[in-house]
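Written out below as structure tokens is the structure these notes cover.
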Amino acid sequence: MKKLRIGIIGCGFIAEKHVKTLNRLSEQFTCYGLVDQKLERAKAVNKLIYQPAEELTLYTDYQALIERTDIDVVIITAPSFLHGKMVIDSLLHDKHVIVEKPLSLSLEEADHIIACSKKTGKHVLVCHQMRYRPLFQKIKSLFDKHQFGQPYLATSSILLNRSEQYYKETDWRGTWQYDGGMLLNQGLHVADLLIWYLGDIDWIFGKTTNFSTWKETEDLALSMFKFKNGAYGSVTATSQVQPHNLGYQLQFICEDGTLAINGPALNHIEHFHIKHQRMSADKLINISTDTDDRYYMYQDFYQALTDEQHQPLMTASEAKNVLNFIYSLYQADKINQMVYPPLTTFSTMNMKEKDDEHNDK
């Protein structure tokens, strides 16, 4: 079995999650380098690695890592505003890339990443790990086989708590220039599932607002939209729940069936019914407890890198689709009009311009 040599850029909490998964895949991956501006954090992550390479080196500059010719894959867990540049730099240095969401804070940068990936022949995996859960894979299969019939309505809610302390832990969080809003950071996974199941959006209208004084980005978002397949949808999201998360909800009302999922980990089957289908809710319930999505995500990526015939489930192009959805919602709020995706250009800084215009009035 071929071992892929990896380097990790950014050694915070999320990097630790990746290392814990990679430790279970030590036959497929070996860590050769760690990068963090604070060397102590790189040292802490190094201690968590089960079988590091003898050549493993710690860096404070990511350029030193991507210039190494003995590394196959770069894993980027740095702050959001660095994702786009680091992905492009890594691709141009002949590396495959795994990057945490969001892929980019602008559509232009996302397009640049997609073009670089095609030009270099290198894969980009964006960590939309929920797609890899057996529960959501099964639901995808049911939609693809038209078991639910014509979809009528898809609704979702993201009801979370993000405290003032959370945003003040780092100076980039909660800013349009460096972070983006809660839809990009907490709502993105659920929005991705909606689009993955039901396809492209015809039109969208949405509103956002921020009730907090310690940050710029939204902590409440509401939207309604229509899919090109004729179904309607809505997203409700807030980070103002007190004192802790309520969790997530997904509901699908269709011609031949209904599905409702909720819970803090979005793995509680509240209701499942398909007309003329013998499959009971028990089958979904039995697989709903398997939340080992990062493990399955890495397995899929490893197969894509070692088998040219295998197409990875998540790509930069797929990640751009959900960015376009969220940015279209933002644009609809900014201009107070219905928007027809896809957008060709948008940046989170467009929302800062909207806030500045509002404050000037």
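Which of the following residues is part of a loop (DSSP other than H, G, I, E, B) and among the hydrophobic types (A, V, I, L, M, F, W, C): L305, L313, L250? Please lay out each step first, then the result.
Numbers: L305 fails: part of a loop (DSSP other than H, G, I, E, B); L250 fails: part of a loop (DSSP other than H, G, I, E, B).
Residue meeting the stated conditions: L313.
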Legend entry - Residues (modelled with pLDDT under 95 and either outside any loop (DSSP other than H, G, I, E, B) or open to solvent by less than 80 Å² (accessible area, probe 1.4 Å) (or both)) located in the stretch 1-11: none
Inset, instruction - Determine if the stretch 322-333 includes at least one residue that is under 19 Å from E108 (Cα atoms), assigned to a helix (DSSP H, G or I), open to solvent by 40 Å² or more (accessible area, probe 1.4 Å) and in contact with a strand residue (DSSP E or B) (Cβ under 9 Å, 6 or more places away or on another chain). - result: yes
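Just the residues that are among the polar types (S, T, N, Q), touching a residue at least 24 places away in the same chain (Cβ under 8 Å) and closer than 16 Å to T21 by Cβ, please, taken from the stretch 266-311. First the steps, then the outcome.
Taking the stretch 266-311 as the starting set, the residues that turn out to be among the polar types (S, T, N, Q) are 267, 277, 280, 286, 288-289, 291, 299, 303, 306, 309, 311.
Among the residues that remain, those that are also touching a residue at least 24 places away in the same chain (Cβ under 8 Å) are: 267, 277, 288, 291, 299, 306.
T291, Q299, listed by residue number.
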Inset, instruction - Would you check if there is a residue in the stretch 27-42 being in a loop (DSSP other than H, G, I, E, B), hydrophobic (A, V, I, L, M, F, W, C) and touching a helix residue (DSSP H, G or I) at 6+ places or on another chain (Cβ under 9 Å)? - result: no
Inset, instruction - Kindly list the number of the only condition in (1) closer than 20 Å to A231 by Cβ; (2) touching a strand residue (DSSP E or B) at 6+ places or on another chain (Cβ under 7 Å) that fails for D192. - result: (2)
Legend entry - In the stretch 25-55, the residues that are surrounded by fewer than 16 Cβ atoms within 10 Å (Cβ to Cβ) and over 25 Å from the mean Cα position of the chain (by Cα): E27, K38, L39, E40, K43, K47, Y50, Q51, E54, E55
Legend entry - Residue in the stretch 77-106 that is nearest to D36 (Cα to Cα), counting only those that are aliphatic (A, V, I, L, M) and open to solvent by 10 Å² or more (accessible area, probe 1.4 Å): A78
Inset, instruction - Can you work out which of the residues in the stretch 264-290 that are at pLDDT below 95 and among the small types (G, A, S) is nearest to H189 (Cα to Cα)? - result: A265
Inset, instruction - Go through the residues of the stretch 182-201 one by one and say whether even a single one is at positive phi and open to solvent by less than 20 Å² (accessible area, probe 1.4 Å). - result: no
Inset, instruction - May I ask you to list pairs of residues, at least six apart or on different chains, whose Cβ atoms are under 7 Å apart, with the first in the stretch 1-24 being of a type in the set (A, V, I, L, M) and the second being open to solvent by 80 Å² or more (accessible area, probe 1.4 Å) and at pLDDT 95 or above? - result: M1/E27
Inset, instruction - For the stretch 58-76, state whether one or more residues are under 21 Å from K20 (Cβ atoms), open to solvent by 10 Å² or more (accessible area, probe 1.4 Å), part of a loop (DSSP other than H, G, I, E, B) and touching a residue at least 60 places away in the same chain (Cβ under 8 Å). - result: yes
Inset, instruction - Filter the stretch 335-361 for residues that are open to solvent by 60 Å² or more (accessible area, probe 1.4 Å), modelled with pLDDT of 95 or more and not aliphatic (A, V, I, L, M) and give the result. - result: N336, Q337, Y340, P342, T344, T345
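The values are calculated or read from the model by the stated rules, or taken from the named source; none is laboratory data. Here the structure is a predicted model, which is why all the values come from computation and not from measurement. Here the Cβ is made from the backbone with ideal geometry for all residues, glycine too, and neighbour counts use every protein chain on show. Note: areas computed on protein heavy atoms with side chains; ligands, DNA, RNA excluded. Shrake-Rupley method; radii C 1.70, N 1.55, O 1.52, S 1.80 Å.
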